[in-house]
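**Q** Sharing a structure below in structure tokens format, with a few things to ask.
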Amino acid sequence: METLWLTVLGVLTVGYFALAGFDYGSGLLLALPRRYVSSHRKRDETYRLVTPFFLGNEVWLVAAIGVLFAAFPRLEGELLSGAHSTFTLLLAGLVLFMAAVQLRLWWWLVFTGALMVSVGWGLFLAHLLHAPWPVALVMPVLFAVHGWVFQTRRWKLFPVTALLCALPIPLAFSSIDVTGLMAHDDTLGLLAWVAVPIIPLVVLAQWSIVAISSR
Amino acid sequence: MSAVDLARLQFASTTSFHFLFVLLTLGLVTLLVVMQTRFTITGAAVHERMTRFWGRIYVINYALGIVTGIVMEFQFGLNWSGLATYAGDVFGAPLAMETLVAFFLESTFLGLWIFGWGRLNRWLHLALLYLTALTAFASAFWIMAANGFLQNPVGYRVDGNVLRLDDFGALLTNPAFTSALTHVVFAAITAGGVFMTGISAYHFIKRTPEVDFFRRSLRMGVVTTALATPALIGAGFAQFPVIARYQPDKTEAAPWIGAPLGFMILIGMGLTMISWLTLPLLVKDAVIRMRFPLYLMVIGIPFPFVAAIFGWMFREIGRQPWLIYGLLRTEDAVSHVDASQILLSLVVFTFLFLALACVDWALIARAVRRGPDVAPAPVSPMVVTL
């Protein structure tokens, strides 16, 4: 059970960061002069490219937190409340980023939202590793690189940068010993019947969204 | 204020904002199902245009409401870590079901519906809307099951100093869950009906050239309200015996708690009466030609939302001082976090959600003013391109 649920949590978290990385990364790149993001000149193009993925990434985060709550109840509260202000920053950034992209508000608002989210995840990474705060800068840098690879359509590099964005948080998380923090097998067994078939279903459906919208 | 008071205030504020978006989402998706089914069967252009126009408003509201839900979910861990620690095994089960079965799938089906416009077989496209609606209601189902457990804990056993899941079925037959779920579902459908009536009335006040389009919409809104409100009130009153049995002190939880309850009942009764009085006036469009009722319909739009917030206040404040009735006190569940940190997040999120609600209102108003499309345009999640 422990391995199964750590895997489920890992898959959801990796899914979120792999999908969200180029979203936030694209937002961070808005601050660069256009000529550095070589293949196109207009900000509209940046937004147009991320459109099909837009509703797709946050659902992975929500699912991950749901699994964290139900399968690791003794860990979830301590983990989140232990980094209270980091999550305030991160979630405020998330609200700002999503609203600003959808409304096509000023580019610097999109940029600020993306920066808050990525620095927030960086601070959380530093918190998990008990590392000094400059470690936080790792996440915005990785997201920006991933965003650049996405925007310039360097598809060969894409899986590499996706993994680089996706792995730091789950790897840092794996240093936590979850023994005794998990739910009872009665709860876990029940939820396994739901969680295991749903993940491939969502992957298939999200892949279809991208396939349909690029037709 | 203490950390407990601040955390409670934040929970109340986040839930209220979130619930405003949820009500309209659930209400509109139900009406969309009717419209698109009629379009798919008959192939009539007016039904397609109705699906597009109301669908666009639905998508705007969903896309902005989604973020309030994310903050809502994090808040359990951030401010109320004692709840997961003590009852995560039981309370977490329906909560995880909601995120996985409902929300995870709902957003994905909605995405397919949005990007599938004109690109998919129309029966397949209709099926996607049915799945979106089904998972949206599943969301309400699991959230109310989780809330029902807090109101009247069932299906658990005490194991040391934590609760364990004993009987999952008991969570789903909990009387504090079943009657409240029906009540909430019909409240959402009422909100959708009143909203649609009011917006259509607005267009008639503005002398819209789209007479057939808004005539159909107005009728649909009035009929929906008239059908939903008796069930809404019935399910509401059906909860009093349940409350008397499981939370006898509910009406004494705060000296003023009767006021929101009273206003909610008044609004519900008012909407039932007005919608039934309007039904005969739909004949030969009398209600539109009279014009005067149109203004009342526009004024009526916020009432179901206000009533819903009042209903929640009664249900949630009436549970105090318990977080899980009889088992876990609210003050014992709050995270060990400095009050200043909770204050910071309270201020930040209240400000952001207020801005978000205003933006939602402004965008919906813009989509409403533009009216239905003359030339087909894509329904997109990117609000600005709508």
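The values are calculated or read from the model by the stated rules, or taken from the named source; none is laboratory data. None of these values were measured; they are calculated from a predicted model. Ideal geometry is used to build each Cβ from the backbone, glycine not excepted, and the neighbour counts take in all protein chains shown. All accessible areas refer to the heavy atoms of the entire protein, side chains included, with ligands and DNA or RNA removed. Shrake-Rupley method; radii C 1.70, N 1.55, O 1.52, S 1.80 Å.
**Q** Taking into account only those residues within the range B:335-359 that are farther than 15 Å from A:LEU94 by Cα and open to solvent by less than 20 Å² (accessible area, probe 1.4 Å), which is farthest from the chain's Cα centre (by Cα)?
**A** Filtering the range B:335-359 for residues that are farther than 15 Å from A:LEU94 by Cα and open to solvent by less than 20 Å² (accessible area, probe 1.4 Å), the one farthest from the chain's Cα centre (by Cα) comes out as B:VAL337.
**Q** Further question: Does B:TYR156 meet the test of being open to solvent by 10 Å² or more (accessible area, probe 1.4 Å) and within 14 Å of chain A (Cβ to nearest Cβ)?
**A** yes
**Q** Is there a residue being of a type in the set (Gly, Ala, Ser), touching a Leu at 6+ places or on another chain (Cβ under 9 Å) and more than 14 Å from chain A (Cβ to nearest Cβ) anywhere in the range B:310-322?
**A** Yes, the range B:310-322 has at least one match.
**Q** Suppose we filter the range A:158-175 for residues that are assigned to a loop (DSSP other than H, G, I, E, B) and surrounded by 14 or more Cβ atoms within 10 Å (Cβ to Cβ); how many remain?
**A** Residues in the range A:158-175 being assigned to a loop (DSSP other than H, G, I, E, B) and surrounded by 14 or more Cβ atoms within 10 Å (Cβ to Cβ): 1 in total.
**Q** Ok, one more. Cβ-Cβ distance below 6 Å, separation of 6 or more or different chains: which pairs start in the range B:7-32 with a residue that is closer than 19 Å to B:PHE186 by Cβ and modelled with pLDDT under 90 and end on one that is open to solvent by 40 Å² or more (accessible area, probe 1.4 Å) and part of a helix (DSSP H, G or I)?
**A** Going by the 6 Å Cβ cut-off, there are no qualifying pairs.
**Q** Which residue pairs have Cβ atoms closer than 6 Å, lie 6 or more positions apart in sequence or on different chains, and pair a first residue in the range B:43-60 that is assigned by TED's automatic domain parsing to the domain that holds B:ALA365 and at negative phi with a second residue that is among the charged types (D, E, K, R) and surrounded by fewer than 19 Cβ atoms within 10 Å (Cβ to Cβ)?
**A** These pairs meet every condition: B:HIS47/B:ARG38.
**Q** Taking into account only those residues within the range B:58-75 that are at the interface with chain A (Cβ under 9 Å from one of its Cβ atoms) and β-branched (Val, Ile, Thr), which is farthest from A:LEU94 (Cα to Cα)?
**A** The residue in question is B:ILE60.
**Q** Any idea which of B:PHE11, B:PHE19, B:PHE76 is assigned to a helix (DSSP H, G or I) and either closer than 15 Å to B:THR132 by Cβ or over 17 Å from the mean Cα position of the chain (by Cα) (or both)?
**A** Going through B:PHE11, B:PHE19, B:PHE76 in turn, just one is assigned to a helix (DSSP H, G or I) and either closer than 15 Å to B:THR132 by Cβ or over 17 Å from the mean Cα position of the chain (by Cα) (or both): B:PHE76.
**Q** So if I check each of B:ALA188, B:ALA176, which one is under 17 Å from B:TYR325 (Cα atoms), of a type in the set (Gly, Ala, Ser) and either buried (at least 18 other Cβ atoms within 10 Å of the Cβ) or within 16 Å of the chain's Cα centre (by Cα) (or both)?
**A** That would be B:ALA176, the only listed residue that is under 17 Å from B:TYR325 (Cα atoms), of a type in the set (Gly, Ala, Ser) and either buried (at least 18 other Cβ atoms within 10 Å of the Cβ) or within 16 Å of the chain's Cα centre (by Cα) (or both).
Conditions tested, residue by residue: (1) touching a Pro at 6+ places or on another chain (Cβ under 8 Å); (2) charged (D, E, K, R); (3) in contact (Cβ under 8 Å) with a residue 24 or more places away in the chain.
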position: B:THR229; (1), (2), (3): no, no, yes
position: B:ALA235; (1), (2), (3): no, no, yes
position: B:PHE240; (1), (2), (3): no, no, no
position: B:PRO260; (1), (2), (3): no, no, yes
position: B:ILE267; (1), (2), (3): yes, no, yes
position: B:THR278; (1), (2), (3): yes, no, yes
position: B:MET290; (1), (2), (3): no, no, no
position: B:PHE314; (1), (2), (3): yes, no, yes
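**Q** Determine which member of the set A:LEU75, A:LEU80 is within 7 Å of another protein chain (Cβ to nearest Cβ), of a type in the set (A, V, I, L, M) and either closer than 20 Å to A:HIS130 by Cβ or touching a residue at least 40 places away in the same chain (Cβ under 8 Å) (or both).
**A** That would be A:LEU80, the only listed residue that is within 7 Å of another protein chain (Cβ to nearest Cβ), of a type in the set (A, V, I, L, M) and either closer than 20 Å to A:HIS130 by Cβ or touching a residue at least 40 places away in the same chain (Cβ under 8 Å) (or both).
**Q** Scan the range B:116-132 for residues that are in a loop (DSSP other than H, G, I, E, B) and surrounded by fewer than 16 Cβ atoms within 10 Å (Cβ to Cβ) and jot them down.
**A** Within the range B:116-132, B:GLY118, B:ARG119, B:ASN121 meet the criteria.
**Q** If you check every pair at least six apart or on different chains, which have Cβ atoms under 7 Å apart with a residue in the range A:90-114 that is at the interface with another protein chain (Cβ under 7 Å from one of its Cβ atoms) first and a residue that is surrounded by fewer than 22 Cβ atoms within 10 Å (Cβ to Cβ) and outside any helix (DSSP H, G or I) second?
**A** Between residues of the range A:90-114 that are at the interface with another protein chain (Cβ under 7 Å from one of its Cβ atoms) and residues that are surrounded by fewer than 22 Cβ atoms within 10 Å (Cβ to Cβ) and outside any helix (DSSP H, G or I), the close pairs are A:GLN102/B:MET382.
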